[in-house]
Each structure stands twice: as structure tokens, then as C-alpha cells.
Amino acid sequence: MLSKAIENALNNQIKIEAESSQIYLAMACWAEVKGLEGVASFMYAQSDEEREHMLKLVKFVNERGGHAKISELAAPNVTFTSFKEMFEMLFEHEVFVSSSINELVHISLEEKDYATHNFLQWYVAEQIEEEAVARTILDKINLIGDDKGGLYLFDRDIQNLTVTSASAEGLQ
Ligand SMILES: [Fe+2]
Ligand SMILES: [Fe+2]
């Protein structure tokens with residue numbers, strides 16, 4: 001059984017994951033209309049992943065005697081001044097999500113809810129992975145700078161981008 005404090009904190013995370021999905025969907029649309037299909041499909045896939053993160057939380061809350069709250073979401077940013085800015089926002093957003101997961105882990109320990117603490121470890125590992133991917137992409141974009149040819153190749157290669165951090169083994 002979930003305590004009210006844990007249920008509220010998990011419901012807050014459900015909202016954050018849903019908003020993440022919307023943010024990346026907006027990024028996918030922007031990339032798609034700019035003609036960067038590789039970046040767009042990367043962002044569509046990110047958006048789907050965030051929805052899965054949300055659903056996993058929804059099911060956990062309902063299974064453990066809580067009631068998952070499906071709430072109104074903040075509208076995401078829909079235009080960006082550059083790809084660099086867009087990927088910087090992606091990175092900053094993942095750092096924000098990681099801090100939110102850390103706070104949840106903290107609350108689960110305070111509440112002595114070891115089942116939730118155990119469940120959250122998947123998210124801790126996932127965030128290491130997500131931050132690593134975002135950081136790798138930013139490094140590449142910084143290398144490309146304003147070079148159009150570089151951007152073309154980046155768009156082609158982003159689909160094959162795989163970053164496997166040490167903690168991610170056995171995550172999938
Ligand atoms: Fe997520
Ligand atoms: Fe994420």
C-alpha cells in the first residue's frame with residue numbers, strides 16, 4: 001500500500017514523464033518541418049519512450065493501491081532558434097528529470113517504502129543513460145558548429161547513435 005506522500009510524489013512524476021513526451025513530440029515536429037528526418041525520428045522515438053516511462057508509473061501506482069492521476073500538461077516550447085538550442089534544452093530537461101527521480105528516491109527512503117525504492121532503481125539507471133545520450137549528441141553538435149554538410153551527416157547518423165553506459169546493462 002502506498003502512503004499518501006509517495007502516491008502524490010509518484011503522480012507528480014507521471015506528469016513530468018507525460019510532459020517530457022510532449023516536449024519531445026514538439027521537437028520531432030520542429031525537426032520534421034525543417035527537413036531533418038533523422039532528428040525527427042529520433043525525437044518521435046524519445047517521445048514514445050517517455051510515454052512508456054509514464055505508463056510504467058501509472059500501472060505501479062494503481063497496482064499498489066493508489067490511483068494514478070492523469071492531469072493537464074504544460075504546453076511545450078514548439079519553436080527553437082537552432083538545433084543546438086533544441087538539443088541543449090533536451091539535455092537540460094533530462095538533468096531536471098534526473099533530479100526529480102532522485103527526490104522521489106529520497107522520499108521513498110523517508111517513508112520506508114522499499115518496494116517503491118526498488119521500483120525506482122530502473123528510473124535511476126535510465127536517467128544515467130538518457131543524460132549520456134543527450135551529452136553525446138551535444139558534443140557532436142558542438143563539433144559541427146554551423147557546417148551544413150556536417151548537419152546533413154549528423155541527421156543521417158543520429159538514428160544509429162547508441163550510447164551504452166556501464167550502468168545500462170540489463171536495463172532493456
Ligand atoms: Fe523519462
Ligand atoms: Fe527522458
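The table for this structure:
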item	result
Candidate lysines for bridging to residue 15, where Cα separation is under 27 Å - those fewer than 8 sequence places away on the same chain excluded	4, 56, 59, 69, 84, 112
Nearest-20 debye value, the range 51-172 charge dipole, Cβ charges on Lys, Arg, Asp, Glu	320 debye
Between the range 142-162 and the range 84-115, the alpha-carbon center distance in angstrom	28 Å
Computed over the range 27-130, Cα set: Rg, Dmax in Å	16.1, 50
Segments 25-32, 63-70 sorted - mean Cβ within 10 Å per residue, highest first	25-32, 63-70
Length gained when the stretch residue 111-residue 56 is fully extended (0.36 nm per residue, less Cα-Cα span)	17.7 nm
Rg followed by Dmax, in Å, when the range 1-67 is reduced to its Cα trace	15.0, 49
Helical mean residue ellipticity (222 nm; -39500 (n - 2.57) per DSSP H run of 4+; nearest 500) of the chain	-26000 deg cm²/dmol
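None of the figures in this text is laboratory data; all of them are computed from the coordinates on show. Treat the numbers as computed from the prediction; the structure is a model and nothing was measured. Note that we place each Cβ from the backbone using ideal geometry, even for glycine, and neighbour counts take in every protein chain shown.
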